[in-house]
Amino acid sequence: MEQEANKKRKIIHIDMDAFYASVEQRDHPEYRGKPVIVGGSPNSRGVVATASYEARKFGVRSAMSSRRAVQLCPDGIFVYPRFDVYKDVSRHIREIFSRYTDLIEPLSLDEAYLDVSVDKQGIGSAIEIARLIKQAIKDELRLTASAGVSINKFVAKIASDMNKPDGLTFIGPSQITGFMEQLPVEKFHGVGKVTAEKMKKMGLHTGADLKRLSENEIKQYFGKPGAFYYRIVRGIDEREVQPHRETKSAGAEDTFPVDLTEIETLNKELERIGALVATRLKRHNLKGRTITLKIKYSDFKQITRNQSLPFATDDLEVIVKTAQQLLAAVDHEEKAIRLLGISLSNFGEVIAIHGNSTQLSLFD
């Protein structure tokens, strides 16, 4: 019955191609065909927001430190982000989506789900609608997008990433079982590097391998996410496209290759993680009042500490200093730390980037 319900849906996932970098190449002809890196200066502690496909050939990726990026790509053109421009382009893209459906769930400025099960223009074909949307983006904005089309959000999202840039991939109901079985575990949305490595050490390399586990077994090995993996590997995803989805928190965390004890090293890791959080906040145009620090020790004991501020912030320095103060206030009982995480919550209204001086701290 669940799969039958899914078959009634026509879901499109649209993902702009190297969005910020593509906008810069569009607006600056001298950048076209060259490795463009949008983000902080290579002489700062900033991070990469987006890299053009020319830069990605050198291994440059989003959320990488700018210093590392310049090591990989010495001839890269570093460009300070113009969030006001990206927001205007994103509004135009959203307007194009709305010509076909009101069921639009934006994930960020450059990515969204669309439910076109019943489309405004009566076209009836999700593939044709995706093609029309891609063409409109190309004609009206001189940018390219990749689209994935399927019967649920999970498969559509994976499909959109299969033929980038400027791709259009359809995975129909009859293809899903085989597709999910051959999919490498690291390609599963929601499976991070650490979990993927754990799976591989257990001999679980593909969806077919995961499928051999019972629901109880997979939950025993991977906790609560195991129930999600169990259903997804079978192509079951009942999540609806949510036009008014409320973001409750934004954060980042990292498990270290070796357990850490030195406070100086831990503080440096908080600086790096804080930069990722600040990037995500600005990408979603959010400011939060509550900063939460997550700590996992070498014995896998986990604690959280939080601080609520009198004002909402997305400022990198405020985020990092607060997290470092929370870390310093904890009695670690001489235990080594294997994971740190920072998240912000208690959001106010969506902020306008225009004229917002705190934006500068991320890339300074």
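Computed from the coordinates by the stated procedures, all read-outs in this text should not be read as laboratory data. Predicted, not measured: the structure shown is a model, and the values here were computed from it. Ideal geometry is used to build each Cβ from the backbone, glycine not excepted, and the neighbour counts take in all protein chains shown.
Is any residue of region 280-310 close enough, with backbone N under 20 Å, to a label point placed 7 angstrom from the Cα of Val258 along the Cα-Cβ axis, and if so, which? Backbone N within reach: 296-300.
Would you mind calculating the relative contact order of region 249-363 from Cα pairs under 8 angstrom and at least 6 residues apart, reporting the percent as a whole number? Intermediate values should be presented prior to the final figure.
Details: 206 pairs, mean separation 48.2, N = 115.
Reported relative contact order: 42 percent.
Computed from label points 7 Å out along Cα-Cβ, the spacing between Asn216 and Lys34 is 6.3 nm.
Give the residue list of chymotrypsin sites (Phe, Trp or Tyr not before Pro) in region 233-314 that are DSSP loop and have at most 12 other beta-carbon atoms within 10 angstrom.
Working: sites: Tyr297, Phe300, Phe311; in loops: Phe300.
Within region 233-314, the qualifying chymotrypsin sites (Phe, Trp or Tyr not before Pro) (loop, at most 12 other Cβ atoms within 10 Å) are Phe300.
What trypsin sites (Lys or Arg not before Pro) in region 243-341 are in a loop by DSSP, with at most 11 other Cβ atoms within 10 Å of the Cβ? Passing sites in region 243-341 are Lys248, Lys301.
Once the Cβ-Cβ distance between Ala336 and Glu181 is put in as r, and R0 is 30 Å, what FRET efficiency do you end up with, to the nearest 0.05? Each step should come with its number before you reach the end.
Values: r = 39 Å, r/R0 = 1.31.
With R0 = 30 Å, the Cβ-Cβ based efficiency is 0.15.
For region 63-150, the relative contact order is 18 percent, taking Cα pairs closer than 8 Å that sit 6 or more residues apart in sequence and dividing their mean separation by the residue count.
Which of the three applies to region 176-232, rounded, prolate or oblate, going by the alpha-carbon gyration tensor with a ≥ b ≥ c and a/c under 1.5 meaning rounded? Rounded, since a/c falls under 1.5. Across region 104-247, Cα pairs under 8 Å and at least six residues apart give a relative contact order of 21 percent. Considering only the Cα atoms of the chain, their convex hull presents on average a projected area of 19.2 nm².
Along the Cα-to-Cβ line of Phe300, 7 Å from the Cα, sits a label point; which residues in region 318-349 have backbone N less than 15 Å from it? Residues passing the 15 Å test: 338-339.
Using 0.36 nm per residue and subtracting the Cα-Cα separation, the extra length available between Arg82 and Ala208 on full extension is 41.0 nm. Take the chain and mark each of the GluC sites (Glu not before Pro) that is in a DSSP loop with at most 10 other Cβ atoms within 10 Å; the longest unmarked stretch, sites excluded, is 1-245.
Quote the Stokes-Einstein diffusion coefficient, in whole µm² s⁻¹, for region 249-363, based on the Kirkwood radius over alpha carbon pairs, a temperature of 37 °C and a viscosity of 0.692 mPa s. Rounded to a whole number, D works out at 230 µm²/s. Here the 3J(HN,Hα) profile of region 290-303, calculated from phi with Karplus coefficients 6.51, -1.76 and 1.60 at θ = phi - 60°, is 10, 9, 10, 9, 10, 10, 10, 8, 5, 8, 6, 5, 10, 9 Hz, Gly and Pro shown as x. For Val241, the amide hydrogen comes within under 5 Å of no other amide hydrogen, counting only partners 5 or more places away or on other chains and with H modelled in the peptide plane.
Phi angles of region 132-149 translate, via the Karplus equation with coefficients 6.51, -1.76, 1.60 and θ = phi - 60°, into HN-Hα couplings of 5, 5, 4, 5, 5, 4, 5, 6, 8, 10, 6, 10, 10, 9, 10, 10, x, 10 Hz per residue; Gly and Pro are given as x.
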